[in-house]
Every structure is written in structure tokens, then in C-alpha cells.
Amino acid sequence: MSLFRTSFPTTGDFAPLFRLLDDYDSHRQTRGQASSVRSFAPRFDVRESENAFHFDGDLPGIDQKDIDIEFSDPQTLVIKGRSEREYHTPEAEAQNEGREVTKAEDKARFWVSERSVGEFHRSFTFPSRVDQDNVKASLKNGVLSVVVPKATAQGSKKITIENVE
């Protein structure tokens, strides 16, 4: 996937429609795959400044240990990880502790399940060279922030020709 996936606007009146089309496209691509692991694609804001590329992605409820950031090649940044559901109701606590669930607790059924769970994988390709050695990442309040500095421009180097006699 390139750094800028589509030319659709990300703000304005039609932004929800474009997000819906992206979600449908993701769903269509994963349909028919016999995988027991669900996947999702967290949303990222990508900005470019004079000296760096800035990524801010929503990863609520995901621990730092469950996120991997790496370069798959000199121009491609890959952010991947895993999210699992956690429940903090008395019924869920009973299941988490391994205790037998009572009949009243067992009757709980999902009405809606909207939280993203499973594995995620996002890749971003840069339009210019980047400095892989000075990338900085932080996770605060469920927002992953990654700053990828641009590589300094390589200046031209003049080669002098020596006289050989």
C-alpha cells in the first residue's frame, strides 16, 4: 500500500462515505479466507513536515508489547500487532478466573459486537528516502505516534582528475 492510499478527501461532507467504501473494500478482500484470526485496519493520520513524516494511529486497548514497528525495505514502514477483547463484568471475570459460570451468567448473549479484535497490519511506502536509524515511536492514551525523519539530501561530490605523467 502506498503512503497515500486514495485520492479521496479525508474531511468534509463525503468523508464518511469514503471510509465506508474503504471498509467495504477491506471486507471484500478478506472474504473467503479460511482464517480463525480476525483482522482489522486501524486508522492513521499521516502528515509530512519539512524534516519528517508523522503517523498518529488509534490503537485503543492495545498494549505496547503487542505492537511491532519495522522497515520491510528501505522505503516501507510496517506497523502490525494484535488486539484481544477483555471484559470486566462479573460474568467475564468468572470466565477469566476459570471459575464455573452460573446459569444466570451463562444466559448473557451479545446484541452487538463492534470492537476491533484480531491482528492488524498496515504498511506505508515513503515517496523519498528516510532515516531509519532515528525513528521515534510512543504510545499514549491509545494513540500510537511515530516520527520518521527524512534522510538528509546527499550533496553532489566533485571528483577531481589527477594528472598522471
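Rule-based calculations on the coordinates, nothing more; no lab input. The shown structure was predicted, so the numbers you read here are calculated from the model rather than taken from an experiment. Cβ coordinates were reconstructed from backbone atoms using ideal geometry, including for glycine residues, and neighbour counts include every protein chain displayed.
Can you work out ³J(HN,Hα) from phi for every residue in the range 54-61, in order, using Karplus 6.51 cos²θ - 1.76 cosθ + 1.60 and θ = phi - 60°, giving whole Hz and x for Gly and Pro?
For the range 54-61, the Karplus curve yields 10, 10, 10, x, 7, 10, x, x Hz.
Quick one: which residues, 5 or more positions from ASP131 or on another chain, have an amide H under 5 Å from its amide H? H modelled 1.01 Å from N in the peptide plane, none for Pro or chain starts.
Correct list: LYS150, ALA151.
By how many nm would the segment from ARG82 to SER145 grow when fully extended, if each residue of separation counts as 0.36 nm and the alpha-carbon distance is taken off?
Working: separation 63, 0.36 × 63 = 22.68 nm, distance 1.71 nm.
Full-extension gain reported as 21.0 nm.
Say R0 is 25 Å: what FRET efficiency, to the nearest 0.05, do ASP133 and ASP45 get from their beta-carbon distance?
Values: r = 24 Å, r/R0 = 0.97.
In this case the efficiency is close to 0.55.
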